[in-house]
Structures are given as structure tokens and as C-alpha cells.
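All of the numbers you see were taken from the coordinates with simple rules; none came from a lab. Everything numeric in this text was worked out from a predicted model, so none of it was measured. FYI the Cβ positions are ideal-geometry reconstructions off the backbone, even for glycines, and counts take in every protein chain you see.
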Amino acid sequence: MIRQELFLLFLCMLILGIETSCDETSASIVKDGNEILSNIILSQDVLHRQFGGVVPEIACRAHLESVISVINNAVVDAKAQLAEIDAIAVVNTPGLIGALLIGVTSAKTLCMALDIPLIAINHLHSHIYANNLEHGDIQYPTVSLVVSGGHTTLFLSESETKHIPLGGTIDDAAGEAFDKVSKILGLGYPGGPVIDKLARQGNRSAIAFPRSYLEKDSLDFSFSGLKTAVLYYYRGQDANVSQSKPLSNQEIADIAASFQEAVIDVLVDKTVQASHRYNVQGILVGGGVAANSRLRQRLKEKSEETGIPVYYPSARLCTDNAAMVAGLAYKKYLEGNSADLTLEAIP
Ligand code: KG4
Ligand code: ZN
């Protein structure tokens, strides 16, 4: 407690963040919740590419092999010493159980050895906080959309640390749909960036793929029907033309653009609907899919139309990283919210 009061007095606190919830091993040191001194991100994309998605067992082993060197690199990159770290933050939920356990166990061990506090972080909340690392002027409440490979969730955010879920996907996450459609089209993994790029050459009105809005006023999402529609369209087209020639590059680009537009229509409509319903001061977007150029453009247009500011992080802070974990931990710590060594990983 004395320690916490001293930090409050001098407001200079170095937090080491650790993120291993999915397929990035990341460690970062952030000062006072907003100054990123280092942010090491080791992606496992190359290990999972041949499978078209994340293989939990492979992810877990890769975290185990690299977590210590990633943490060391974060300390060196920040020109700091381990002894200068004031607290350690770790994502303990949600994520792949084996992957989370590597981060949680590393964090607990370091906290015990250094005798410093441990702060537990929710992965989705940290994606939202990525905005606070780069935008100082956010007013609350906000509607916050976390859109990634594992999640598509809308929150009502009352502060940097208080997030009330409003809706989420009932089947595939939006990023998962990008990855699966990319696999169908033979474009590789991860699918989001490649579809984003290819879609710029395609006609987004070429194919009328379905938009799933579920029940009226629902803030839940569903993308598995859309993914199946793309699969059937692709197979049908392929079968029709296979006697003569395979689908042209332009036809593939048209499928990518039409699919992407169907995902984004629903994401934008539901986010704007929620922002009106809860009369918020802003919209925050985070997660890997928040890097999508068309989503950013559409939300910017909506912001100009409605006057509600929309924030999204720079591309590097959209995908999984530990800077957003260490940053959010500072706010939680100031609220007296720390964990102890009984902390569990929750998948
Ligand atoms: O947040 P993230 O790094 O990991 C999870 O927590 O899931 O998100 C990864 C997801 C992948 O599905 C990837 O295809 C998607 O984000 N993604 C994108 C883009 N960049 C990454 N999706 C659409 N457009 C992008 N530019
Ligand atoms: Zn994520």
C-alpha cells in the first residue's frame, strides 16, 4: 500500500506487460500508462500458415520457447533493468488455455522473484486500451468494438477499466471469417491483411453476399453463414467455369471485396446503432480487424455524418501486443486492482 501511494505521488511507474493469449508472444514496458518504452512482438504466423489457422498446441510450445527471450528483449529495448520494474501485468483471459498459462506462469514467477505486484488483464479490454495509448482526448462513455481473430464484441465502456458487454458473435469472429474465406480463395494466412489489399482491386457490389443482422435491435453478430455463402459461390463458379478456365484474378478480387463489404456493413451498422442507443461520446475500435482499411474508412465517414468521434489504434497496436496490456495495467493499479499468485488462466 505504501508503495502504491508513493507511485501516486510521483506518478512514475514502469510496468512490464506480457501477452501470450493466442499466437503472438509479446512483452512491453510502458511508463505511466501511456509512454511505450519497448514493445516486442514475436508473431507465430509462419508456424500456423500451413494449417490456415492457429493450432493451439503449436502456439503453446512456441510461447514456451520464446517467452523468456521476448521479455529480456523488452527490458533491453527499454534501456531498463528488471530491478526498475514496478509491477507486472499479464493477460489471463480469454485465450487459448495452454498459451495463457505460459504468460501467467512467467508473470507470477517474475513477481515472486522481484517481489512486485501482479496485475491481471482481460485481453479484450486491453485491445480497447490500445486507443488510450495514442489518443489522449477520449471522453466516456464510449461504445467499444473489439474485432479480432477470436472475438467480435461490442461493449459500453464507462472508463478505461469498466466495460459492459452489449453483444458478441454467436459463431465465427469477424477475423476468423476473413481467415477462412482467405483459405477458400487460396490466399493464405492470416487472411485479413491479404483480403484487405486485394479488395481494393475488386468490385464490392459484384456479388450480393448475405448480411446477418439476427433479431431486430440485436447487437450480436453472426458470420458463419456469410463464410458458407462465399464457399458455395466459389465452388459454384469454379464448377461452372472449370471446364474452360479457372477463376480470374479479377473474379477473386471481386469475391474478396464483396465479402469484406458484407462483414463491414454489419460491423458499422451495429456499432453506430449501439452508439445512438447509449448516447455515447465516442466509438473505440480495437483488435486485428481494426487495421482493415475499408472498416476505418467507413467508420470515419459515419463519424463525419453523426459527429461522434471514432478512434482506432495505429496498425501495430491493433493486433496482439503487450503495450496495451502494460498501459491498461497502470489504470487498474491506480484503482487498487491487483492480483496475487493464485491468479488462474481462464480460456
Ligand atoms: O487481435 P489479433 O491480433 O488476434 C486475436 O486476438 O485474434 O487479430 C488477428 C486477426 C486475424 O484474424 C487477422 O486475419 C485479422 O485480425 N486482421 C485483419 C487485418 N489485419 C489483421 N482483418 C481484416 N483486415 C486487416 N487489415
Ligand atoms: Zn487479440
Item to check | Distance histogram in 10 Å bins (all Cα pairs of the chain, percent per bin) | outcome: 6, 25, 31, 23, 11, 3, 1, 0
Checklist entry - How high is the relative contact order of segment 138-312, in percent, with contacts defined as C-alpha pairs under 8 Å that are six or more residues apart? => result 29
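Taking the square root of 5 times each eigenvalue of the Cα gyration tensor, what semi-axes in Å does the equivalent ellipsoid of segment 138-312 have, largest first?
Value: 32, 15, 13 Å, ordered largest first.
Listed here are the pairs 31/300; 270/332; 197/331; 162/270; 108/331; which of them are more than 25 Å apart at the Cα?
Over 25 Å Cα-Cα: 31/300; 270/332; 197/331.
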Checklist entry - Using the membrane-span-like helix rule (whole DSSP H runs, Cα extent along the own axis of at least 24 Å, mean Kyte-Doolittle hydropathy at least -1.0), which helices of the chain qualify? => result 56-77, 97-114, 224-241, 249-277
Item to check | Two-site label geometry, residue 232 and residue 314: point separation in nm, points 7 Å out along Cα→Cβ | outcome: 4.4
Checklist entry - When a footprinting reagent is the concern and you count Cβ atoms within 10 Å, what order do 342, 306 take, fewest first? => result 342, 306
Checklist entry - To the nearest 500 deg cm²/dmol, what mean residue ellipticity at 222 nm is calculated for the chain from DSSP H runs of n ≥ 4 alone, each contributing -39,500 (n - 2.57), summed and divided by the residues? => result -15000 deg cm²/dmol
Next on the checklist: Using Cβ counts within 10 Å as a stand-in for footprinting exposure, how do 127, 163, 63, 135 rank, fewest first?
Outcome noted: 135, 163, 63, 127
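Count the DSSP beta bridges whose two residues both fall in the chain, then state the antiparallel fraction as a percent rounded to the nearest 5.
Antiparallel: roughly 60 percent of the beta bridges in the chain.
Averaging over all projection directions, find the projected area of the Cα convex hull of segment 158-261 and quote it in nm² with one decimal place.
Answer in nm², one decimal: 8.2.
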Next on the checklist: Please rank 314, 144, fewest neighbouring Cβ atoms within 10 Å first, as an exposure proxy.
Outcome noted: 314, 144
Next on the checklist: To check you understand DSSP bridge types, tell me what percent of the beta bridges within segment 138-312 (both residues inside) are antiparallel, rounded to 5.
Outcome noted: 60
